[in-house]
Structures are given as C-alpha cells and as structure tokens.
1. So with the 1.4 Å probe, I'd like the accessible area per residue for the chain, rounded to whole Å².
2. Mind ranking 66-76, 516-526 by how tightly packed they are, going by the mean number of other C-beta atoms within 10 angstrom, highest first?
3. Among the aspartates and glutamates, which fall within straight-line cross-link reach of K692, defined as a Cα-Cα distance under 13 Å, with same-chain neighbours fewer than 8 residues apart omitted?
4. Calculate for the chain the 222 nm mean residue ellipticity that helices alone would give, adding -39,500 (n - 2.57) per DSSP H run of length 4 or more and normalising by residue count, nearest 500 deg cm²/dmol.
5. Among 330-343, 412-425, how do they line up from the highest to the lowest mean number of other beta-carbon atoms within 10 Å?
6. Rounded to the nearest percent, how much of the accessible area of region 238-359 (1.4 Å probe, protein heavy atoms only) is carbon and sulfur?
7. Measure nothing but the geometry: give the 0 to 90° angle between the long axis through the Cα atoms of 3-13 and the longest principal axis through the Cα atoms of the chain, rounded to 10°.
8. Which order do the peptides 40-47, 401-408 take when ranked by the mean count of other beta-carbon atoms within 10 Å per residue, highest first?
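The values are calculated or read from the model by the stated rules, or taken from the named source; none is laboratory data. Computed from a prediction, not measured in an experiment: that's the story for all the values here. Cβ coordinates were reconstructed from backbone atoms using ideal geometry, including for glycine residues, and neighbour counts include every protein chain displayed. The protein model used for the area step is the full one, side chains on, heavy atoms only, and it has no ligands, DNA or RNA in it. Shrake-Rupley method; radii C 1.70, N 1.55, O 1.52, S 1.80 Å.
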Amino acid sequence: MDIKRIEILRRNAGKAEFQAAIELLRWDAEEAAKITFAVRANEQGEWTHDYHCEEDGTRLTFQWGEPFLHRCSTCGKERRNQLLDGCWTSIAHSQIGQAVYRVALLYALEPDEKRLQFVQSYLMAYADHYETYAIHGNVPYNGPGKLFAQTLDEAHWITDLALAFDMIQEHLPPEELAHIQAGLLEPCARFLIAHKEKQIHNHSVLITSAIAALGLLLHDRTVLAAALEGEYGLHDQLNRGIMEDGLWYEGNVQYHFYAFKSLLHYALIAEGTTWDVWTKKALKAMFDYPLQLVLPNGVMQTLNDAGLGHHIGTYVPYYEIAYDIYGDGKYRSLLNTAYGTAEDDPRIKIAKPTQRDSIYALMFGQDLDGETTELDSLGAEVQRTRSLPASGLTKLVNSAGWHVIVKHSRFGGEHDHMDRLGLSVMHSGIPLLVDPGTTAYGVPAHYGWFKHTYSHNTVSIDGADQPPRDGRLIQMHEESWGAWLETAVDWLAEEYEMKDRIILPAELNPWDSDAYRGAQIRRINILVEDHLLDLVQVTVPEPRVVHWTNHWSGKLQDNDAHDLWSATEDQLSRLDQQWFKEKRKLIADESAFSYQMREGTLEQHVWCSLPTHIYTALTPDNPPSGQRTSNTITASVEKRVIFVQALHYDADLGNRRLGRLEVAELTTDTLQISWNHAESQATYHIHLLDGKVYIEKLI
Ligand SMILES: [Zn+2]
Ligand SMILES: [Zn+2]
C-alpha cells in the first residue's frame with residue numbers, strides 16, 4: 001500500500017470528524033479478533049444464495065457457534081442439512097477474509113503484536129491448506145471455486161486477504177511471506193486465471209481485478225498480464241463494458257458499483273506503483289455518472305436487477321476516494337448531502353444522514369468545508385433535465401415536482417428486465433409509476449415477475465417478453481413551455497451492441513422473437529407544469545395483440561364499483577397468472593381513472609386509436625409483500641396502434657377526475673391532443689412523421 005495512504009489514515013485517525021470511523025473500525029476489528037474458527041484442510045463452501053428461508057425469503061441467521069443449525073428469524077424455523085452447512089462454511093470464510101482485512105487496517109494504525117499475529121496466522125493457515133481444497137461448484141453460469149462454490153466468491157475472499165497481506169507484508173518474516181505467496185496467493189491466482197469468464201461482466205471485473213492485485217503482490221508480470229491484457233482481461237472489460245458516458249453496461253448504479261468497487265480494490269493496491277490507475281479516464285467517468293441518477297430523496301433509481309435501499313449514503317465510501325483523488329466540488333456536495341453536513345437545500349431531501357464511518361473515509365477522507373457552487377451542487381443536479389443517450393436514460397424534471405425517467409438503453413445482459421422504453425414517474429418524491437427493481441434472487445417474484453417486460457411500464461407484444469435489442473433516443477427538446485423526448489426501439493433486426501460480448505444463460509431467454517419480429521415502438525413524453533403526456537405508438541407487420549402496461553404505486557379508487565369492473569379470468573401476459581390478484585376487466589365506457597397514492601392523488605386519462613380491453617389487477621410491488629395496481633390496456637392490432645395518456649398529480653387526497661383528455665386524429669399522421677384541467681389548458685399537434693416526431697404546442 002502506498003505510504004501516502006497510510007499517512008492519511010494515521011492523520012485522519014487523530015481528527016474529530018473521523019472518530020466514528022475509527023470507533024467502527026476498532027469495534028469491527030475487535031469483533032473480528034474474537035473469531036477463533038480454525039481453518040482446516042478439505043473445506044468446501046456452498047453458494048450463499050441458498051442460505052435463505054424458502055418460505056419467506058429471509059436470509060438465514062449465521063452464528064459462529066452453530067455450523068450445523070440454520071435458523072430463519074422471520075418464521076423461526078430451524079433447519080439442519082448439508083447444503084446449508086456448506087453455505088455456512090462459505091459465510092464463515094468470507095467473514096474471516098473481511099475480519100483479517102479490518103484487523104490488518106487497525107494494525108497499520110495501531111501496531112499491536114496480537115493484531116499482526118491474527119492476520120498472519122490466518123494467512124499462514126490458508127497457505128497451509130489451500131491446495132487441499134477441491135475444485136467444486138455448479139452455481140448456474142458461474143465458474144467453480146476451491147474454498148467456495150463459485151469463482152466469484154473465491155475472488156471476493158482473496159481480495160480481502162490480498163488487501164490485508166499488502167498492509168502487513170513488510171512486517172512478515174521472509175519465510176512466512178514466501179509461504180503465503182507460494183501456498184495461497186500464487187495458487188489462487190493460477191486458479192482464478194484458469195476460470196476467468198469469457199465475457200464482459202461485472203463478475204469478470206471482480207475476478208480480473210483480484211488476479212491483478214495478486215499479480216502485484218507476487219511481483220509477477222505473467223499474472224498481471226493474465227489479469228489485465230487480452231480479450232476479457234480487465235482493460236477489455238473497462239473498454240467494452242463501460243458505456244461512453246461512464247455507466248457500466250448492466251444498466252443500474254448497483255451493478256455499476258459492484259464492478260467498480262473491485263476495480264477500486266486493485267487501484268488501492270496499485271496506488272503509488274507504476275501500475276497506478278487513478279488517471280484512467282474510465283475511472284473518473286464511473287464516479288461522475290451515478291450523480292446524474294440520484295433522485296430528489298437521495299435514492300438511486302432502481303433499474304434492471306437493482307435491489308431496494310440504495311441511496312447516496314450507500315456509496316459515500318467511494319466518493320471519499322473520488323474527492324481525495326480528483327478534488328471535484330460535486331463529489332464534496334454529494335458527501336456533505338449524504339452526511340447531513342450540507343446547507344439545507346429544498347431540492348434534495350434525504351431520509352436520514354449517513355455516518356461518516358467508512359474505511360475509505362479514514363483512508364481518503366478530506367476536509368469537506370467550503371462553498372458549493374450551483375454547478376457542483378447535488379441539489380441542482382437532481383433537478384436537472386438530463387439526456388444520457390449512451391447509457392440510454394433520460395430524465396425530465398420540472399420545478400412543479402415531476403421527475404420522469406425513460407429507459408431507452410441498450411440491452412444490459414442477464415440482469416436486464418427487457419423493458420425498453422420503460423417509464424418511471426415520481427412527483428414530489430412520491431413514486432407514481434416506477435421500475436421497482438427486484439428482490440432477493442431466491443424469492444419467486446424475482447424470476448417470476450420482476451425480470452419480465454410485463455411488470456414494467458412499457459409495451460409487450462402478445463404478452464411476451466421483449467427480445468434483446470437496443471433502445472434509441474431520437475430527440476429531446478427543452479422548450480419555453482416544457483420538455484419532451486422521443487424514444488424508439490424496433491425488432492427489424494436481431495443485433496444489439498453487447499451481443500458478441502456476453503453469454504446469456506439459456507433459461508433466461510424467455511422472450512418471443514417471432515412475436516416481436518418487425519415490430520416497432522416509439523414513445524413520446526411531454527412534460528409540462530401540471531401534466532405529463534405519454535404517447536406510445538406500436539406498429540406490427542402482422543396482426544398482434546399489443547399490451548400496454550402501467551403499474552401504479554397506489555390504489556385504484558372506485559375499484560369496487562360493480563358497474564365499472566367485472567372479475568375476469570382473461571390471461572394477461574404469458575406469465576403465471578398467480579401474479580395477478582383481483583383481476584378485473586372494465587365493462588363500462590370509462591377512460592379516466594384515479595389512484596390514491598402514498599400521498600396525494602393521481603389522475604390517469606387514456607385514449608387509444610383502436611378498440612381496447614382495459615384490465616386492473618393487484619401485482620407484486622417491491623418488497624413483494626406490498627402490491628401495486630396494474631392497469632393493462634390491450635388492443636388487437638393489424639398494423640398500428642397509438643395509445644395516449646395524460647397524468648396529473650395532486651398533492652391533496654380526493655377521489656376526483658377533474659381533467660379531460662381529448663384526442664383527435666386530424667390525419668393518419670397528425671394527432672391533436674387537448675388537455676383541460678381546472679385552470680390549465682393545453683393543445684398539441686403531434687406530427688408522427690417517419691423517423692422523427694414534430695410537436696407544436698398551440699395553447
Ligand atoms: Zn422463514
Ligand atoms: Zn425492472
């Protein structure tokens with residue numbers, strides 16, 4: 001480790017603002033030092049994704065003293081079986097890895113023979129036994145492990161040990177240093193090299209970063225070259241996996257940081273050597289990008305396989321690094337906002353401040369005082385309308401409180417949700433129509449519901465999933481009266497950017513290429529002060545049933561009105577119908593609906609160029625214990641269908657539909673759309689020309 005890093009660590013340890021970090025590190029290290037588990041020969045870990053209760057999805061409780069008893073804290077059920085014992089083994093060793101790293105860090109701060117002894121003895125024990133660990137594991141789409149059931153977990157664990165080794169290596173007697181290198185680092189590097197993934201993937205970044213770190217610690221250029229160079233090496237991962245604007249191709253901030261943080265581990269070990277990577281452009285772009293996806297409540301937009309609960313506070317450790325290395329005011333603004341030390345800014349309201357207690361705060365933390373310019377302010381950023389054509393996300397924001405995100409991204413691989421042109425809408429921090437991300441992979445709703453087109457606010461043809469394809473931003477404009485954009489996707493061909501770079505798991509190909517062949521979708525969103533207009537046009541080469549889905553994070557009002565809705569068994573989508581509860585079909589001539597949101601009321605006014613069936617049902621929210629109100633509109637289409645909806649949000653509660661949407665087809669390619677609501681009126685002419693739409697706002 002760079003001596004400069006150790007110096008900052010020691011300097012910060014003496015400062016008041018880092019006392020929480022020091023205390024946490026000390027507490028972690030003291031807890032870690034209590035681990036007495038003896039590393040043995042022939043250990044065999046299993047996949048920790050299996051360490052969940054199959055009834056309620058809760059992660060089972062790991063206890064050091066109970067390697068053969070696995071308890072669910074939700075339902076209380078206790079389990080004993082070999083598979084779970086193997087999961088326990090994996091958790092134990094990954095915890096030892098983290099423990100060893102923390103104790104090594106504290107040793108760098110407060111040298112104490114016992115700490116050195118702890119780190120050294122675990123490294124030596126692993127070096128004694130590593131060769132006895134049999135290659136095993138059949139985790140789907142993941143290479144095997146030795147101590148663990150997959151290459152990925154092996155790489156995680158060795159990264160922690162590598163960081164710890166780097167911290168203490170100068171204090172090791174030469175013969176012990178040589179034993180750890182020859183018994184652990186070197187064979188593990190060889191194992192990982194043999195099981196590198198042949199694709200561009202976050203796992204590959206992690207595995208190649210681990211190999212690179214081992215190469216540096218072994219002073220072995222062959223190992224380093226195996227990590228960095230060639231097809232699917234670390235450099236190739238960065239070149240072909242990071243999009244031009246800095247987002248990792250898997251399409252959300254979570255996977256972005258998953259790939260990124262392993263790269264940062266390598267960067268930490270490489271710092272100050274000739275392999276130093278801080279000046280690489282891609283690295284800085286990876287810090288910059290996520291700032292643009294922060295929502296006004298500080299939460300990160302969930303897209304694709306993103307889980308809930310990721311917010312700016314989750315990522316502050318990395319922005320400590322960014323601010324130290326690059327010094328940009330925007331990183332400082334994010335840090336101050338997350339820590340609650342920024343001046344109040346009504347444009348961004350976080351639920352609660354995050355403690356400045358991370359290890360990276362200790363190692364990189366700088367003084368966060370200073371004026372924040374408007375340009376750098378995170379509050380200004382979350383209110384900025386942004387178009388990011390490379391990563392395929394556009395957000396329209398206005399001062400009335402709307403926050404609209406359209407996903408026109410490229411196909412993002414196995415974590416994609418096949419929801420091109422998906423729409424997410426929030427108002428005043430209230431989710432109205434959002435992409436809920438997903439839940440734990442072991443919970444049935446993950447594969448059954450969230451990973452499909454139909455659970456998104458977009459179009460499904462014949463109820464099937466969209467095949468992989470890249471979306472496109474056609475145009476975006478900010479006018480004096482509002483902002484609008486046009487996005488598109490088509491299945492006129494089967495190519496997509498990532499096609500030859502990734503391996504798609506065979507049973508994660510649920511789409512129907514025949515249903516979509518030749519289909520084209522374009523979506524136009526117009527955001528004005530008091531309303532959002534949403535126009536979706538679908539053209540098909542042969543007759544198809546087009547499903548347009550909107551999933552409201554609220555409750556339909558008048559849901560019980562028997563003269564409006566009737567229970568139905570009609571099949572919605574090709575998914576298991578268990579996901580649709582209280583499925584009803586509209587039996588009256590109604591085109592306006594209102595929803596009671598967590599706060600406030602949402603009015604939805606719809607129009608379609610063809611006769612439709614309209615359905616409502618309760619479907620899983622995230623977490624899946626909650627429900628959303630899904631609104632599905634289907635139309636049998638010969639050639640073309642146009643759907644229009646106008647949305648209006650009112651912060652007050654009340655069952656009212658005060659707005660009126662009128663749509664007239666002036667010519668085959670021109671729609672006149674009028675919106676009336678209380679004192680606001682607007683009329684648009686939408687010219688659906690080939691290639692590009694042209695919009696006139698009349699009043
Ligand atoms: Zn349970
Ligand atoms: Zn999704």
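1. On the way: 27340 Å² over 699 residues.
Accessible surface, normalised per residue, equals 39 Å².
2. Per-residue Cβ counts within 10 Å, averaged per peptide and sorted highest first, yield 516-526, 66-76.
3. Leaving aside aspartates and glutamates fewer than 8 places away in the same chain, those within reach of K692 are E486, D669.
4. Here the helix-only value at 222 nm equals -9000 deg cm²/dmol.
5. Result, highest mean first: 412-425, 330-343.
6. 52
7. Helix 3-13 and the main axis of the chain meet at about 80 degrees.
8. 401-408, 40-47
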